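See below for the structure under consideration.
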Amino acid sequence: MMMIGLARGTVQLQVYLAEWKTLFEREAVLLRSTMGRATRHIEHVGSTAIDGMPAKPIIDLVVVVSSLNEASEWIPTLEALGYEYRANDTVADRLFFAKGLPSSRTHHLSLAEERSKFYTEKVLFRDYLISHREAFDEYVELKKELAQRYAKDRTSYTEGKRGFVERIIRLAKEKAVAEPETGIFFVRNEDRIAS
């Protein structure tokens, strides 16, 4: 049974494995020991962070940094750990890295500021699906349908989820309570590894 790793650009869902949490924690320890105080906290996001959710077997992590401009200094260090910096990434508010060979990507790493739209929406989406079973079930069915249709076209797979993701983020923002010290919305914080 494959634990993690998937060819770039492809889609293959795997049944949820509890080991994904351990693999996240192991990678978070490596990143924290490497980056030290530059990491404010590290989040496990994406479907591998949601108990019971079938997922592409790639661990998604977000390292929260105080400044994205300063975080660019970490690019050579992260590359030495096996992360490929993806300078052409089109997602705003983050620095993006992929770990593993293109034939077997194992980790996706984003560096982002805590108040960024990217970070906030990743956490909101994860937490909403964890706490709302109906949305969880709807997402599972959508993912399965899209994965079957777009097994060799990850761009179309991701685009097919866009409307659902935007709707859930909107609902999460309506339901969540702002944390006074950050102004960011959270439903739960169990997957955060704090400094």
TODO: Answer with yes or no whether Ala87 is in a loop (DSSP other than H, G, I, E, B) and in contact with a Ser or Thr (Cβ under 7 Å, 6 or more places away or on another chain).
DONE: no
TODO: Could you please find all residues in region 129-159 being hydrophobic (A, V, I, L, M, F, W, C) and under 24 Å from Ala172 (Cα atoms)?
DONE: Leu129, Ile130, Ala135, Phe136, Val140, Leu142, Leu146
Task: Tally, over region 28-51, of residues that are over 13 Å from the mean Cα position of the chain (by Cα), part of a helix (DSSP H, G or I) and not aliphatic (A, V, I, L, M) - done: 5
Task: Residue pairs meeting the criteria (Cβ under 9 Å; at least 6 apart or on separate chains; first under 13 Å from Val123 (Cα atoms), in region 159-185; second acidic (Asp, Glu) and at pLDDT below 80) - done: Phe185/Glu179
Task: Considering residues of region 146-161 that are charged (D, E, K, R) and more than 15 Å from Ser47 (Cβ to Cβ) only, the residue surrounded by the most Cβ atoms within 10 Å (Cβ to Cβ) - done: Asp153
Task: Test set (1) closer than 25 Å to Val165 by Cβ; (2) surrounded by fewer than 20 Cβ atoms within 10 Å (Cβ to Cβ) - Ser66 fails condition number - done: (1)
Open item on the list: Please count how many residues of region 34-76 are within 13 Å of Tyr119 (Cβ to Cβ) and aliphatic (A, V, I, L, M).
Closed with: 9
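The values are calculated or read from the model by the stated rules, or taken from the named source; none is laboratory data. If you're wondering where the values come from, they're calculated on a predicted model, not measured in any experiment. Glycine also receives a Cβ, built like all others from the backbone with ideal geometry; neighbour counts cover every protein chain displayed.
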